[in-house]
Number of protein chains: 2
Amino acid sequence: MEITGKSIVGFSRGARTDETFRAFNPTTGEAVEPDFHSATDDELNRAASLADSARISYGKLPGKTRATFLRTIADNIEALGDTLIQRASLETALPDKRFIGERARTCGQLRMFADLLDEGSWVDARVDHAIPDRQPIPKPDVRSMLRPLGPVAVFCASNFPLAYSVAGGDTASALAAGCPVIVIAHTAHPGTAELVGSALMDAAKSTGMPEGVFSLLFSSGYEIGQALVKHTSIKAVGFTGSRRGGRALMDIAAARPEPIPVYTEMSSVNPTFFLPGAIEQRGESLVTGLHASVTGGAGQFCTKPGLVFLPESEASLAFISNFKSEISNSPTSPLLTDGIRKSYDDASGKRATEVTDHFEKENSDLPGFSVNPSVFETTTIDFLNMPDLNEEIFGPTTLLIKSQSKEDLIEIARSLEGQLTASVHGTEADLREYADLIAILETKVGRLIFNGFSTGVEVCPSMVHGGPYPATSDSRSTAVGSRAITRFARLVCFQNFPDSALPDELKESNPLNVWRVVDGEFKKG
Amino acid sequence: MEITGKSIVGFSRGARTDETFRAFNPTTGEAVEPDFHSATDDELNRAASLADSARISYGKLPGKTRATFLRTIADNIEALGDTLIQRASLETALPDKRFIGERARTCGQLRMFADLLDEGSWVDARVDHAIPDRQPIPKPDVRSMLRPLGPVAVFCASNFPLAYSVAGGDTASALAAGCPVIVIAHTAHPGTAELVGSALMDAAKSTGMPEGVFSLLFSSGYEIGQALVKHTSIKAVGFTGSRRGGRALMDIAAARPEPIPVYTEMSSVNPTFFLPGAIEQRGESLVTGLHASVTGGAGQFCTKPGLVFLPESEASLAFISNFKSEISNSPTSPLLTDGIRKSYDDASGKRATEVTDHFEKENSDLPGFSVNPSVFETTTIDFLNMPDLNEEIFGPTTLLIKSQSKEDLIEIARSLEGQLTASVHGTEADLREYADLIAILETKVGRLIFNGFSTGVEVCPSMVHGGPYPATSDSRSTAVGSRAITRFARLVCFQNFPDSALPDELKESNPLNVWRVVDGEFKKG
């Protein structure tokens, strides 16, 4: 499949505009063909207008029809074969193997939502029957369910070119909920975006979806994305990226004449606590585990452990020494963009002046966007006094903090901002002993992990990939797992409607056989 | 029970500050004893600090314990007897009978949430078991459920002194979810607020709740309420009131360093469509029904039909004439506050200059805050050209619009802002004929009503009292019905936790016997 560099606007392709940009090969730093053409305001407006006109017809399609669309997207992505894997690898310097896994996750997510639609109960259908002779006033017949929010703007993530980009989690859950989607490609992997976008457009056509259910816009700057978030046709936003970028979109959405929900996933340092029992018993395997978690994906996972707390002990000293040695022996790795490389260098340089000890190598002579892994060390007191040390550094680095006491850890936990995850390594006795710490951590995170590292997010019905601000904009929901579909839905109630005018999920005979709450009782059929 | 005029801060009473205000008797316009003392910044900070320290202990209480607390609140409110009814009636000029009904609804809501907690399945517990030998990587044990958001600020509604005030829907759902609540009393009915607040504080004490689970602050101005929404301890806001007031709180919450969810219910004109079949067949009963719906509660219900569309027909002319005659024969009624009376007068005066016909009587000589009901008439074209005509006028008035064609109605429906409700009166044949209209209305409202009026909100599991902005700040949720509990909850996930450290809802044996999604299957036990 040829990469044209043109946006996808409904079932048409955008123009070859003069404003262009290219992807880069992070290993060499060289630009990669072809040119990508930034979408015009007219193209944006046409994509929004098509999405708006597809809104009702797409939203009213039976769940099983949308499921077929999602499965066809997955099939089409797989049919891209090595072309997709090689382009993604070229644009990101991440290995083919990573993209084989990420493609499986992406297609798995699409099929998970398809299964959810086939089953149908996700709509939370509720039926309360009328009681015409109730005193003092009759009880009406009331029925309700989740319905789509309307067109959604999705921003591709730099660090997940497949699983959180064009046909990634946000797009899959929004399309599943019945919302048209307009995607803004990431400038770091536009070729990957176009390949997946073409697969998605083809799926929309071949399964008879209305034009406008999907568009993909390229842009070299921020203006098109911001204009999209301001557009009156857009009813929700999904974004994965930096704290500054995410907050900017939150502020734009909140300042609209009609504010809309925004789901931004932004910033997390994923505090990791080695309690005394753990480091004594399993110091060596923890070194290996932490090293893999900090350097995996070149340290560019949102769940990378960026803060690691250790007790003051002999065992900790050995742990730190071994961990530094692992880091010093690690190969360099290219980061995704020159901007990320520069931020890593700048933030590392600043941090080096703020901590008690650090290990880093010079990065200036490395090719492309490559950097060396690094590690920093500080004390509890310095950590509490320097809020900067809470800031995420995207890339293969972490901060170790030796803590004196349980009280210190509790004070630190209270001071933490919202996080995607917190991990606690210890014994079951430690968990009991540190119950107060766990209780505070629970108020700060979306996911608590015991004796495991935070990277690696299982896609399953119970997963919560979310957390209080600034980890995300909306701690009530999750970006991963089947519950993500509800982010793009809202409740609609039908009072005294005749059966023939009700959605199938609310009809008296329950023709779709979904789980419902009927007169207060959970039941099926 | 004596009304002291002092705030309730945890288990203590606020100071007799110098900044005071009084309630008014809307029938006479005279101030009513005693003085109410505005809370100080210190009292606000103490309430917030107590709420923050109660957050974890209250949130971790078993659902059944919180249920006992809610039921005790209901019992204590009922035990206030006629004292409460008489004070509420004195402060609002609404009849005793109304408050006997509203008290029943308020206590019913508290008990509905208590039942929901006893049953326990509202937490959406999910369990995915580990598969240690899964390839290429092991599957972890992942479990998740809804947990409380944290302390909630609740603003009392002018028009529901019981059901949407101190122990009303927002407070009941937040306390049920496990969140401490700080209520800002409404200046229109502070005595009612103190009586209910005392009942609530007594319930918290007698059932052993932690201090800080509830506070009630009086304030003559906006500063204390705004400072509360800005307070770092506050994690969500519930508000029912004007569009301007609600939007101001939304903007404050969105501009916080840590933005928080805000549930404001603000403004709705509840468009009501009389399709041809209805007005031909049931014109007379529709006059009676519309009149009752427009003038009930002195037109101060958020679901009052403020826009009524009729076909161009003989039958419609008769309808309009009869409706005007009903309005002209209606008694005057006192509005809740002098501010509401003034807004009603100002908005009516302005509207009279914008419409083709109107019926209103002079209000200037009426006692207290009393006004006459009124009715306005305009054309489709004028309505589409004058966005002002979409604005809610709080009080006993409505706007009638004669429409030429189905196309006009569809154009109007597209132009509407978000609404709590839309009502359609007609035959089943009309519903089919106007399916396009219904489909557009569905995107604009929280509740669609067939052959019924929008006032009167049934409290039941399926009710949706919400809708797109500006009806509310968050169309994804409902303020009425059992689903409201989820507004004050967020998802938390536990990965690889030992059974003993899990919340009961997630323990392997399911000791609370709640409905759960286990390895993707809905089941109990």
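Remarks
- Tally, over region B:128-162, of residues that are in a strand (DSSP E or B) and not β-branched (Val, Ile, Thr): 10
- Qualifying residue in region B:151-162 (condition: within 30 Å of A:Glu521 (Cβ to Cβ), within 14 Å of chain A (Cβ to nearest Cβ) and surrounded by fewer than 23 Cβ atoms within 10 Å (Cβ to Cβ)): no
- Subset tally (residues that are touching a residue at least 24 places away in the same chain (Cβ under 8 Å), surrounded by fewer than 19 Cβ atoms within 10 Å (Cβ to Cβ) and either closer than 28 Å to B:Asn451 by Cα or hydroxyl-bearing (Ser, Thr, Tyr) (or both)) for region B:321-359: 9
- Taken together, the criteria place A:Val424 among residues that are outside any loop (DSSP other than H, G, I, E, B) and within 10 Å of chain B (Cβ to nearest Cβ).
- Filter result (of a type in the set (A, V, I, L, M, F, W, C), in a helix (DSSP H, G or I) and under 23 Å from A:Tyr344 (Cα atoms)) within region A:288-317: A:Leu290, A:Ala292, A:Val294, A:Ala298
- Selection status of B:Ile85, assigned to a helix (DSSP H, G or I), within 15 Å of B:Asp202 (Cα to Cα) and in contact with a helix residue (DSSP H, G or I) (Cβ under 8 Å, 6 or more places away or on another chain): no
- Residue list for region B:488-523, filter: among the basic types (Lys, Arg) and more than 8 Å from every other protein chain (Cβ to nearest Cβ): B:Lys507, B:Arg516, B:Lys523
- Hits in region A:240-264 - residues which are in contact with a strand residue (DSSP E or B) (Cβ under 9 Å, 6 or more places away or on another chain), within 14 Å of chain B (Cβ to nearest Cβ) and not in a helix (DSSP H, G or I): A:Ile260, A:Pro261, A:Val262, A:Tyr263, A:Thr264
- Condition met for B:Ala193 (buried (at least 21 other Cβ atoms within 10 Å of the Cβ) and closer than 27 Å to B:Pro34 by Cβ): yes
- Test: residue in region B:364-387 that is within 14 Å of chain A (Cβ to nearest Cβ) and within 20 Å of B:Ser267 (Cβ to Cβ): yes
- Figure legend. Inter-residue proximity from region A:498-525: first residues within 17 Å of A:Leu61 (Cβ to Cβ), second residues in a loop (DSSP other than H, G, I, E, B) and modelled with pLDDT of 95 or more, beta-carbon distance below 7 Å, spacing 6+ or different chains. Indicated pairs: A:Asp504/A:Pro511; A:Asp504/A:Leu512; A:Glu505/A:Gly120; A:Glu505/A:Leu512; A:Glu505/A:Val514; A:Leu512/A:Gly120; A:Val514/A:Gly120.
- Any hit, region B:390-398, residues being without any contact (Cβ under 8 Å) to a residue 24 or more places away in the chain and either within 14 Å of chain A (Cβ to nearest Cβ) or farther than 18 Å from A:Arg143 by Cβ (or both): no
- Any hit, region B:434-450, residues being among the charged types (D, E, K, R) and in contact with a Cys (Cβ under 8 Å, 6 or more places away or on another chain): yes
- For region B:466-479, a residue qualifies if it is in contact with a helix residue (DSSP H, G or I) (Cβ under 6 Å, 6 or more places away or on another chain) and more than 10 Å from every other protein chain (Cβ to nearest Cβ), and exactly one does: B:Ala479.
- Tally, over region B:138-164, of residues that are over 30 Å from B:Arg341 (Cα atoms) and hydroxyl-bearing (Ser, Thr, Tyr): 1
- Yes/no for A:Ser462 being surrounded by fewer than 24 Cβ atoms within 10 Å (Cβ to Cβ), closer than 15 Å to B:Arg147 by Cα and facing chain B (nearest Cβ under 9 Å): no
- Odd one out for A:Ala439 among (1) touching a Pro at 6+ places or on another chain (Cβ under 8 Å); (2) outside any loop (DSSP other than H, G, I, E, B); (3) among the small types (Gly, Ala, Ser): (1)
- Residue selection: A:Gly120 satisfies the criterion of being on the phi > 0 side of the Ramachandran plot and out of contact with any strand residue (DSSP E or B) (no Cβ under 6 Å at 6 or more places or on another chain).
The values are calculated or read from the model by the stated rules, or taken from the named source; none is laboratory data. None of these values were measured; they are calculated from a predicted model. Neighbour counts run over all protein chains shown; Cβ positions are idealised from the backbone, glycine included.
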